[in-house]
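Everything below concerns the one structure shown next.
Each reported figure results from applying straightforward, stated rules to the coordinates on display, with no laboratory input. None of the values given here were measured: they were computed from a predicted structure. Heads up, the Cβs are rebuilt from the backbone with ideal geometry, glycines too, and the neighbour counts pull from every protein chain shown.
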Amino acid sequence: MGHPSTPHFRTFHALRIKGFATIDTLVDITTHRDTDVNAHLDEFSGAGHVQFRENRGLWQLTPDGRAAHAEELARDLEGIDPVAALGDHYPAFVEVNVNFKQLCGDWQLRNGEPNDHTDAGYDAEIIARLGEMDQVARPIVSAMGDVIDRLSPYATRLGNVLEKVRSGETNMFTGVMCGSFHDVWMELHEDLILTQGIDRAHEGSF
């Protein structure tokens with residue numbers, strides 16, 4: 001088992017990663033029960049660290065919550081140097097990320113026009129490439145989960161979403177705020193950036 005995090009922090013951190021999130025999304029990221037996530041949110045709300053956007057059904061951190069998260073993150077990482085611990089895994093992830101960005105572009109556009117997904121052969125080719133990318137990425141992501149335990153659900157989550165894409169749920173490739181492969185991949189990337197204290201703009205990885 002990798003470096004542990006408290007259930008409380010995992011919920012707090014998941015909300016920091018997403019920016020805005022439903023209960024179901026936080027359950028998916030943390031692997032907690034919804035009752036536990038609700039209890040954590042009640043606690044955060046009482047401290048003034050989160051607020052609920054009722055019109056959208058979404059939770060988000062308050063400015064005080066973002067400041068508190070930075071302190072909690074430092075405590076979460078006590079006893080581990082995440083940059084050193086992740087070693088070569090993160091550079092390998094960034095390399096795969098370049099491939100993933102190309103795949104997303106190829107999925108969304110075909111011959112310079114929006115892909116309407118009427119060409120089954122074209123879509124099948126891109127999905128096959130996504131599967132090949134996943135085979136490269138999965139060992140990297142799993143290895144990072146072995147180092148830091150809260151990263152461990154990502155490999156399984158990516159695999160589960162890939163199967164949805166393969167079964168014909170085209171929105172699960174690059175859809176937004178629907179638990180798509182792109183959503184989960186971006187959550188993982190943001191988690192790694194926050195965990196290592198990386199400046200995304202300086203790194204140039206989006």
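Per-residue ellipticity at 222 nm, computed for the chain from helices alone with -39500 (n - 2.57) per DSSP H run of at least four residues, works out to -21000 deg cm²/dmol. Between ASP106 and GLU169, the simple spin-label model (points 7 angstrom out along Cα→Cβ) gives 2.3 nm.
To the nearest µm²/s, what D does Stokes-Einstein give for the chain at 37 °C and 0.692 mPa s, using the Kirkwood radius over alpha carbon pairs as Rh? The estimated diffusion coefficient comes to 182 µm²/s. Remark: the Cα gyration tensor places the stretch 7-76 in the oblate category, a/c being 1.5 or greater and a/b not exceeding b/c. Across 5 Å bins from the origin, how do the percents of Cα pairs in the stretch 82-203 run, short distances first? Binned Cα distances yield the sequence 2, 10, 22, 23, 18, 12, 7, 4, 1, 0.
In plain terms, the chain from GLU78 to ASP24 could stretch by 16.5 nm, reckoned as 0.36 nm per residue minus the Cα-Cα distance.
In plain terms, the residue of THR30, THR174 with the fewest other Cβ atoms within 10 Å comes first and the most crowded comes last, giving THR174, THR30. The length gained by stretching the chain between ILE193 and HIS8 to full extension, at 0.36 nm per residue less their Cα-Cα distance, is 64.6 nm.
What is the distance in Å between the Cα centres of the stretch 49-72 and the stretch 117-191? The stretch 49-72 and the stretch 117-191 have Cα centres spaced 27 Å from each other.
Normalised by the residues of the chain, what does the relative contact order come to in percent, with Cα pairs under 8 Å and at least six apart? Please report the intermediate quantities before stating the final value.
Numbers: 206 pairs, mean separation 43.3, N = 206.
Computed value for the chain: 21 percent relative contact order.
Here the label points at ASN38 and CYS178, each 7 Å from Cα along the C-beta direction, are separated by 2.8 nm in the simple model.
Here the simple spin-label model places points 7 Å from the Cα toward Cβ, and for GLU95 and ALA120 these points are separated by 3.7 nm.
Quick one: net charge of PHE100's neighbours, Cβ under 12 Å, K/R +1, D/E -1? Let's see the in-between values first.
Details: positive: LYS101, ARG129; negative: GLU95, ASP106, GLU132, ASP134.
Once positives and negatives cancel, what remains is -2.
Which is farthest toward the positive dipole end of the stretch 82-203 among GLY145, ASN99, HIS117, measuring Cα position about the Cα centre, with Cβ charges +1 (Lys, Arg) and -1 (Asp, Glu)? Value computed over the given set: GLY145.
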